Amino acid sequence: MRIDKYLWCVRYYKTRNIATTACKKGHVKVNGDVVKPSREVYEQDVIELRKDQIYYKLTVNAIPESRIGAKLVAIYRTDTTDKDQFKAKELLQYAKDYYRKKGLGRPTKKDRRDIDDFTEENE
């Protein structure tokens, strides 16, 4: 089975087109090599992919016939992603939420002063 189809079947990507694009951009590796979307995947292959700023690592257990339900995904792959990857994404999310929600208007006087201080330090 093709790598893009496999990643779509085991629900790492919502559409096959997105999986193909990720392969073309070099976000997907099989056994340490960057691959094209047409690369065949076999059992015991190790797939590394970057999605949403997380580096996933998974091992192919079996090849599905077609797209499978979310409850059956564990049969076809073993996820060996480091837990630190998920913690880093969570911290990044907190950093984004801390400042201000999008669309809350103009910067306040304090915000402008902070921006001015930051730009003066970098000059």
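The values are calculated or read from the model by the stated rules, or taken from the named source; none is laboratory data. Since the structure is predicted, the reported quantities are computational estimates derived from the model, not experimental observations. Here the Cβ is made from the backbone with ideal geometry for all residues, glycine too, and neighbour counts use every protein chain on show.
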Go through (1) at pLDDT below 80; (2) assigned to a helix (DSSP H, G or I); (3) surrounded by fewer than 11 Cβ atoms within 10 Å (Cβ to Cβ) and name the single condition G105 misses. (2)
May I ask you to say which residue of R39, R77 is surrounded by 10 or more Cβ atoms within 10 Å (Cβ to Cβ), in contact with a strand residue (DSSP E or B) (Cβ under 9 Å, 6 or more places away or on another chain) and in contact (Cβ under 8 Å) with a residue 60 or more places away in the chain? R77
Which members of segment 68-94 meet the condition of being modelled with pLDDT under 85 and of a type in the set (A, V, I, L, M)? A88, L91, L92
